[in-house]
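As structure tokens, the structure follows; a few thoughts come after it.
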Amino acid sequence: MKQFLAIVMALVTVPVFAQAGNVTVIDTNFENGIAGWGPRGDNRQGLEKLEVTTAVKHSGSSSLRVFNRTHEWQGATCKLAANAVGDMFGMEAWLYYKDGPAKVTFVFSTQKTSAQGQAYQNVLQVQANKGEWVQIKGEFTIAKDPTITDVQVYFETPKNDTVEFYIDDIKFVKLDPSLRPKAEVNIPNLRDKVPFDIGAAVSVDDVDFSSEWAQLLMKHFSIIVAGNEMKRDTVEPSEGKYNWIPADKIVDFAMNTGMRVRWHPLVWHSQNPDWLFKGAGATKAGLDQRMKTYIQTVMRKYRGDVDSYDVVNEVLDENGRLRNSEWLKIIGTEYIDNAFRYAREADPKAQLVINDYNLASNPRKRQGMYDLVKDLKARGVPVDAIGMQMHIDIRNPSVSAIKETIELFASLGIKVLVTEMDMSIYTSDTESKKTVTTTILQEQATRYRAIFDVFKEEYQKKNLDAVVIWGTSDNLSWKNDFPVPGRTDAPLLFDSKLKRKPAFDAIVK
Ligand code: XIL
């Protein structure tokens, strides 16, 4: 048995780049010029500059210098391949900077062009220290979308940095088809094994019917929610100009496959467009109007299709008091009341949720949520449910704290939802990257099972309504690189090859 395990481990650790069936599509070390790399954007915004330089290199005698950047999205871009749609790729590159802040986050992203416009996806990120080369490496899929006419890959520093940087030894391969993940067919359907509706957070790439992730979703889940595409920075990038394309794709997928849709979120302090809290419309009355228009535009459009909304997200701080967000500062405490009232007016049938994190792990925040919702209910504000995000870890919070929290909230006469569950294998931000061993996976499985037993019990008591997992396969989880850049996590029910993890088996057993 031990020997068998060792062989399996060896197989999974063979670097994907070494596979015989791979086809190299980009291989640039800047020893012979700039190859296919160019600047991003157009002259209206002022182009940054690229040049091959011998001043700095990762290997050989030169690298690519990216300078004169005035926007964080400016970087170096290259066409991926002639027919990139529907393929899976492996990539690696080395990045470096020498002047600026002590740390910079480099992001590798894709840009897909179709008749509808451009879609950008941040794929991988890595944190660099000043003066040290850092490697970015990983795998990604370009959905099989026949409307895509061009795919570009690029490097940027999206966290408000316009530092000058260098790139070297870039390699992209189209992966051998045998290496591509495949959703398992002969396993139980998760959705049939739990009594409540079970959901997953997705990206627009996952819901293409040709994608294996779509197969996985249809088999196991009965609710979907967008991990990002329903956030206001995506939906309303400039005032009154809505981009419904990604959200529509996700909602259409759900309608075509008989799934429920949750909308996350309507009002939040994060992932908002730049204009929202600025300009003449950012007064108390103006911002309230911007909030109302948005809530009602979204909800009227999706009435009958989306049946549950995170109306407000993360309105509490860790002391259980109202978070000092722009919403609170500009509108005042009544923004929460108003948000729910506008939502109810737009769609009287939708489930209206107040959503937050650390509710089971932080007693002050739990109490703060209890007091807030009690007050909202007493004043007739239409709140239907409390959403517990449940971004938890392999040890904390305790199963009993989770149970008590659900019961406390339900005692207010409302439903509880688990809206964003995942279970990190790390218990602190200081823990460094570790290998995912069978011991860890087993520990995770046991804990997932114990928590799902509580969910089942609370569902039977009519306290809990539904459970949504924040992602499908580990490689797509937001917990990779967060909160610790460069640290990979494994918090979900399926691994990066879409194989069920012990946690899945423990739940369906
Ligand atoms: C996360 C997404 O999963 C990431 O892809 C994104 O970069 C940041 O946001 N609480 C929330 C979610 O309410 O919206 C967050 O989603 C995770 C924490």
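The values are calculated or read from the model by the stated rules, or taken from the named source; none is laboratory data. This is a predicted model, so every value here is computed, not measured. Methodologically, a virtual Cβ is constructed for each residue, glycine included, from the backbone with ideal geometry; neighbour enumeration extends over all protein chains shown. Calculation scope for accessible area: heavy atoms of the full protein, side chains included, ligands and nucleic acids excluded. Shrake-Rupley method; radii C 1.70, N 1.55, O 1.52, S 1.80 Å.
Solvent-accessible surface of the stretch 6-179, taken per residue with a 1.4 Å probe and all protein chains present: 47 Å².
Volume per residue of the convex hull around the Cα atoms, evaluated for the chain, comes out as 159 Å³. Applying the Karplus relation 6.51 cos²θ - 1.76 cosθ + 1.60 with θ = phi - 60° to the stretch 269-279 yields 3J(HN,Hα) values of 8, 10, 6, 9, x, 4, 6, 4, 9, 10, x Hz, where x marks Gly and Pro.
Work out how much length Ala280 to Thr297 would gain on full extension: take 0.36 nm times their residue separation and subtract the Cα-Cα distance, in nm to one decimal. If you can, show how the numbers build up before the last one.
Values: separation 17, 0.36 × 17 = 6.12 nm, distance 2.10 nm.
Full extension from Ala280 to Thr297 adds 4.0 nm.
By the rule of a C-alpha distance below 25 Å, with chain neighbours fewer than 8 residues away ignored, the lysines paired with Lys403 are Lys193, Lys365, Lys374, Lys377, Lys415, Lys456, Lys461, Lys462, Lys479, Lys501, Lys509. Rolling a 1.4 Å probe over the protein heavy atoms of the stretch 6-179, with every protein chain left in place, gives an accessible area that is 51 percent carbon and sulfur. Each listed q (0.20 Å⁻¹) maps to a log10 I(q)/I(0) for the stretch 32-91, found by the Debye formula over equal Cα scatterers with no solvent: -0.89. Summed over the residues of the stretch 199-508 and divided among them, the accessible surface reaches 38 Å² per residue at a probe radius of 1.4 Å. Enter the Cα centre distance for the pair the stretch 213-227 and the stretch 369-412, rounded to the nearest angstrom. For the stretch 213-227 versus the stretch 369-412, the Cα centre distance is 25 Å. Taking the inverse of the mean reciprocal distance over all distinct Cα pairs, the Kirkwood hydrodynamic radius of the stretch 397-509 comes to 14.9 Å. Considering only the stretch 199-508, what is the antiparallel percent among its DSSP beta bridges, to the nearest 5? Counting only bridges with both partners in the stretch 199-508, antiparallel ones make up about 10 percent. Counting charges near Ser114 (Lys, Arg +1; Asp, Glu -1) among other residues having Cβ under 10 Å from its Cβ returns a value of -1.
Placing unit charges on C-beta atoms (Lys and Arg positive, Asp and Glu negative, everything else neutral), compute the dipole magnitude of the stretch 199-508 about its Cα centre in debye, rounded to 20. It would help to have the intermediate numbers written out before the result.
Numbers: 42 positive and 44 negative charges, 102 e Å.
The calculated dipole for the stretch 199-508 is roughly 480 debye.
Distance from the Cα centre of the stretch 86-117 to that of the stretch 148-205, in angstrom? Their Cα centres are 13 Å away from one another.
Protein heavy-atom surface of the stretch 199-508, 1.4 angstrom probe: 50% of the accessible area is carbon and sulfur, with nucleic acids and ligands not counted.
Subtracting the Cα-Cα distance of Lys377 and Thr437 from 0.36 nm times their residue separation leaves 16.9 nm of extension gain. In terms of its Cα atoms, the stretch 6-179 spans 46, 43, 30 Å along the principal axes, sorted from long to short.
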